[in-house]
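First up is the structure itself, then whatever we jot down about it.
The values are calculated or read from the model by the stated rules, or taken from the named source; none is laboratory data. The model shown is predicted, which means the values in this text are computed figures rather than measured ones. Cβ atoms come from the backbone with ideal geometry, glycine included; neighbour counts cover every protein chain shown. All accessible areas refer to the heavy atoms of the entire protein, side chains included, with ligands and DNA or RNA removed. Shrake-Rupley method; radii C 1.70, N 1.55, O 1.52, S 1.80 Å.
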Amino acid sequence: MTATALKTHSLSAYYGDFLAVADVSMTIDQRSITALIGPSGCGKSTFLRTLNRMHEVIPHARVTGEITLAGENLYDPGVDPVLVRQRIGMVFQRPNPFPTMSIRDNVLAGVKLQRSRLPRSEADDVVEQSLRSANLWIEVRDRLGKPGAGLSGGQQQRLCIARAIAVQPDILLMDEPCSALDPISTLAIEELMLELKSTYTVVIVTHNMQQAARVSDKTGFFNLAAVREPGRLVEYADTTTMFSKPKKKETADYIAGRFG
């Protein structure tokens, strides 16, 4: 039986009074890749940001319902959102290395927030291991003191992944991590995701259905009934089943390219 990494129950997300995502209940398996697909504006990225409490950083944004990690509701009043974000890392759509920091310091940025004193030898180990895990070490090991912003787009995205996993999260969220990348860099990130799932639980938002079919174990399809209506989880299943025998007509229509 597959272990559960994260579970949502009746989760809804608001921007002020506007209900953006409604009543999502989903179980995300441990050490797997879950893809979230659907047309623009259906709430995929909003839902993703609720999983590590990034949604509430936006003024007047709020969440109702539950998200449980290891039996703990992440939205309980006593839960520190900073600690949640350490356990559930995030990689954004566009690579965002800190422009004034070196490659080395980019990797260590989150670790230094956790620990004020980090011996040099231990920091060296964290940098090397994180960059190796992101398949970037060989490309940058001779220029760790150079700015992270000087890397190519695909390398910058892998640097951001190295920065996210340096703090040893349980779960890694990726919001369209390949949308700004060329095909070769996209392939490198996809291969990396497949390697990472042996250690981490990965949840990605993607507009690329071929990518979802290639890399994910399960797929969730989000849609909305009309403009200004909330996004909802229409169907959630093993990826092979979702793409070959979806249960809902709107899922089949979206996968066939009839809308979106």
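Of note:
- Ala256-Arg87 FRET efficiency (beta carbon distance; Förster radius 35 Å; 0.05 resolution): 0.40
- The fraction of accessible area contributed by carbon and sulfur in the range 4-255 is 50 percent, rounded to a whole number (1.4 Å probe; ligands and nucleic acids excluded).
- Distance between the range 183-211 and the range 70-100 - C-alpha centres, whole angstrom: 19
- Between 0 and 90 degrees, the angle of helix 183-196 with respect to the longest Cα principal axis of the chain falls at about 90 degrees.
- Relative contact order, percent, the range 111-257 [alpha-carbon distance under 8 Å, six or more residues apart]: 15
- Taking θ as phi - 60° and the Karplus parameters 6.51, -1.76 and 1.60, the scalar couplings of the range 223-239 work out to 7, 9, 6, 6, 4, 6, 8, x, x, 9, 7, 7, 8, 9, 7, 3, 4 Hz in sequence order, x denoting glycine and proline.
- Here the Karplus curve 6.51 cos²θ - 1.76 cosθ + 1.60, taken at θ = phi - 60°, turns the phi angles of the range 144-154 into couplings of 5, x, 7, x, x, 5, x, 7, 5, x, x Hz, with x standing for Gly and Pro.
- Residue by residue, the range 77-93 carries 3J(HN,Hα) couplings of x, x, 8, 7, x, 5, 5, 4, 6, 6, 7, 10, x, 9, 10, 8, 4 Hz when phi is fed to the Karplus relation 6.51 cos²θ - 1.76 cosθ + 1.60 (θ = phi - 60°); x denotes Gly or Pro.
- In this structure, the amide hydrogen of Leu6, modeled 1.01 Å from its nitrogen in the peptide plane, lies closer than 5 angstrom to those of Ile28, counting only residues at least 5 positions away or on a different chain.
- Length released on extending from Asp142 to Thr199, taking residue separation times 0.36 nm less the Cα-Cα span: 17.8 nm
- Whole-number percent relative contact order across the range 29-163, with pairs defined as alpha carbons under 8 Å at least 6 apart: 24
- Site pair Thr100 and Ser179 shows an inter-label distance of 2.9 nm when each label is modelled 7 Å from Cα along Cα→Cβ.
- Principal axis dimensions, the range 29-73 - Cα atoms, whole angstrom, descending: 30, 27, 15
- Projected-area average for the chain over all orientations - Cα convex hull basis, square nanometres: 14.6
- FRET efficiency, 1/(1 + (r/R0)^6) with R0 35 Å, evaluated for Thr241 and Lys112 via beta carbons: 0.20
- Percent antiparallel among DSSP beta bridges (both partners in the chain, rounded to 5): 60
- For the chain, the relative contact order is 27 percent, taking Cα pairs closer than 8 Å that sit 6 or more residues apart in sequence and dividing their mean separation by the residue count.
- Net +/- balance of residues flanking Tyr14 in space, Cβ distance below 12 Å, scoring K and R +1, D and E -1: -1
- Applying a threshold of 31 Å to the alpha-carbon distances of Lys7/Lys245; Lys44/Lys247; Lys7/Lys249; Lys44/Lys146 flags Lys44/Lys146 as lying beyond it.
- Choice from Ile58, Ile88, Ile165 with maximal GNM fluctuation in the chain (Cα, 10 Å cutoff): Ile58
- Charge dipole (Cα centre; +1 on Lys/Arg Cβ, -1 on Asp/Glu Cβ; no other charges) of the chain amounts to roughly 220 debye.
- Structure-based [θ]222 nm, the chain - -39500 (n - 2.57) summed over DSSP H runs of at least 4, per residue, nearest 500: -10000 deg cm²/dmol
- Solvent-accessible surface of the range 208-260, taken per residue with a 1.4 Å probe and all protein chains present: 58 Å².
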